[in-house]
1. Kindly establish whether Ser294 is closer than 30 Å to Ile255 by Cβ and either free of Cβ contacts under 8 Å to residues at least 40 places away in the same chain or hydroxyl-bearing (Ser, Thr, Tyr) (or both).
2. Going by the conditions given, is Asp345 under 16 Å from Leu298 (Cα atoms) and within 30 Å of the chain's Cα centre (by Cα)?
3. Being buried (at least 22 other Cβ atoms within 10 Å of the Cβ) and either touching a residue at least 40 places away in the same chain (Cβ under 8 Å) or in the same structural domain as Val221 (by TED's automatic domain parsing) (or both): is that true of Ile144 here?
4. Which ones in the stretch 224-235 are touching a Cys at 6+ places or on another chain (Cβ under 9 Å) and either within 9 Å of Ile255 (Cα to Cα) or in a helix (DSSP H, G or I) (or both)?
5. Mind telling me which of the residues Val180, Val156, Val184, Val218 ends up being under 30 Å from Ala257 (Cα atoms) and either touching a residue at least 24 places away in the same chain (Cβ under 8 Å) or surrounded by 14 or more Cβ atoms within 10 Å (Cβ to Cβ) (or both)?
6. Checking the conditions here, which among Lys216, Lys175 is touching a strand residue (DSSP E or B) at 6+ places or on another chain (Cβ under 7 Å) and basic (Lys, Arg)?
7. Name the single residue that is surrounded by the most Cβ atoms within 10 Å (Cβ to Cβ) among those in the stretch 243-272 being within 19 Å of the chain's Cα centre (by Cα) and assigned to a helix (DSSP H, G or I).
8. Of all residues being touching a helix residue (DSSP H, G or I) at 6+ places or on another chain (Cβ under 6 Å) and at pLDDT 75 or above in the stretch 97-117, which is surrounded by the fewest Cβ atoms within 10 Å (Cβ to Cβ)? Just the residue, please.
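The values are calculated or read from the model by the stated rules, or taken from the named source; none is laboratory data. Predicted, not measured: the structure shown is a model, and the values here were computed from it. Heads up, the Cβs are rebuilt from the backbone with ideal geometry, glycines too, and the neighbour counts pull from every protein chain shown.
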Amino acid sequence: MFSTDKSSFNKKDVSDCDYKISLAGNPNVGKSTLFNAITKAGAEAANFPFCTIEPNVGIVEVPDHRIYDLAKMFNPKKITPAFTRFVDIAGLVAGASKGEGLGNQFLSHIRETDAVAHVVRCFESGDITHVEGTVDPVRDMGIINTELCLADLESVEKKKTKVAKLAQAGIKEAKAELPVLNKVFDTLQEGIPARTLDLSEDDLAVIRELNLITLKPVLYVLNISEDDIADPMKNEYVKKASEEAEKEGAKWIPISAEIEEEVSELDPEEAKMFLADLGEDEPGVNHLIRAAYSMLGLINFFTVGPDECRAWTVRAGTKAPKAAGKIHSDIERGFIRAEIVSYNDLMRYGSYANVREKGLLRVEGKDYIIQDGDVAYFRFNV
C-alpha cells in the first residue's frame, strides 16, 4: 500500500504545481466546506457572510491511479503524484466590483488564479442563511458573472482609452489593437464573459497583460444536499443552473459539499463503506479535481525507475523538449531524443522488456508532442 499523505512530500515536490483554481461564489454557498473536503485543511466554515477574508490556499493531489500502478511495477523508493492548488475566495456580493463587501480585494484574489470553480447553492436549508434571502442559482450565477464582467470592463476601458489616443496619433500598432479592445469592451458591457468570444492568438496577445477574470475557464460546481446525490437532475435548481451553464458553453458538476467534508474526515475503509452506501465508488471531490484539471488543458506524463516514480504536469500540446524542461532546464537545453512508451502498453505487457520486444518503445525527436499517459525517458547532452 502506498501512502498519499502530503506530509511525505517535500517542498520541491509540490513547488511544481504551477496552477491555481479559485473556489468563488456568493457567501454561504459552501465554498469553505468544499475547500475543507478537497484539501482536508480545516478552513473556517460558518454561517455568516465574509467568514473567509484572506484566501485559504490548499495543495491538492490530482487523483490519478496510473502513478500508483506504475509504482507497483517498479517498486521505487519514492512516489510523487501530480498536484494542483485550490484557493478559497471570500464570498462575492452585488456591488463587489465597486468595493462592496471588500469586493475589490476578493476580485484581485481571483485574478491571480488560472481557472474558476464557481460554487452555486442548489439546496434549501433553514439553518444556512442566503445573502439574497432566497435560493436562486441562476440569479446567483448572474450576480457573480456581472461583477466579474464589471471588474474586467474597468481594466479594458483604461487600456482602450490609452490605445485610442495612440491610434488617433497614427500609431500603427494601436490601430490594430483598438478593434480587439472594442470587441471585448462591448461584450463585457452586455454582461457576457470574455471567454465566450472567439479570439485569435493575436487578439489574446492584445489583452493578455490585463489578466481578465472572465477570460479564465470556469467550472460550475452545483452544491446539492445528500438527498439529491442519487439523481441530481431531479433537483429543479440543478436543472436550471446546468441549463444556464450550458448556454455559456461551460462545464458543470453536481456535488454535496457537506457529504464530501464528512467523507474526508473518515479513514479510508470507513469512507469506502460510506460511499458504497451512497452508490458511489470514489469521493465526488475526485471528479471535481479532475474536471478542473482537464478544464485547464492539463495532462500528465510519467518518469519511472527504482529511485522514483513521478507524475509531471504539462499543457496539452507541449513538445518533448519543453516537457523535459519540467524535470530540469539542462535536459531541455541539451535534449537529444525521448524514449516513449504509453502507460496502457506498459500495463498490458508488464515490463519495458516486453514492450520493447513488441516494438512499442518509440524514439521521438524534438517535435514530438507529449501525450497524456506517456512514460518518458529523455536523452540529453550538455
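1. Judged against the criteria, Ser294 is a match.
2. No.
3. yes
4. Residues satisfying the conditions are Ile224, Ser225, Asp228, Pro232.
5. Values: Val180 fails: under 30 Å from Ala257 (Cα atoms); Val156 fails: under 30 Å from Ala257 (Cα atoms); Val184 fails: under 30 Å from Ala257 (Cα atoms).
Selected residue: Val218, the only one of Val180, Val156, Val184, Val218 that is under 30 Å from Ala257 (Cα atoms) and either touching a residue at least 24 places away in the same chain (Cβ under 8 Å) or surrounded by 14 or more Cβ atoms within 10 Å (Cβ to Cβ) (or both).
6. Exactly one residue qualifies, and that residue is Lys216.
7. So in the stretch 243-272, the residues within 19 Å of the chain's Cα centre (by Cα) come out as 245-246, 248-257, 260.
From what's left, assigned to a helix (DSSP H, G or I): 245-246, 257, 260.
Numbers: Ala245: 22, Glu246: 12, Ala257: 29, Glu260: 21.
Here the answer is Ala257.
8. So, considering only residues that are touching a helix residue (DSSP H, G or I) at 6+ places or on another chain (Cβ under 6 Å) and at pLDDT 75 or above, the one surrounded by the fewest Cβ atoms within 10 Å (Cβ to Cβ) is Arg111.
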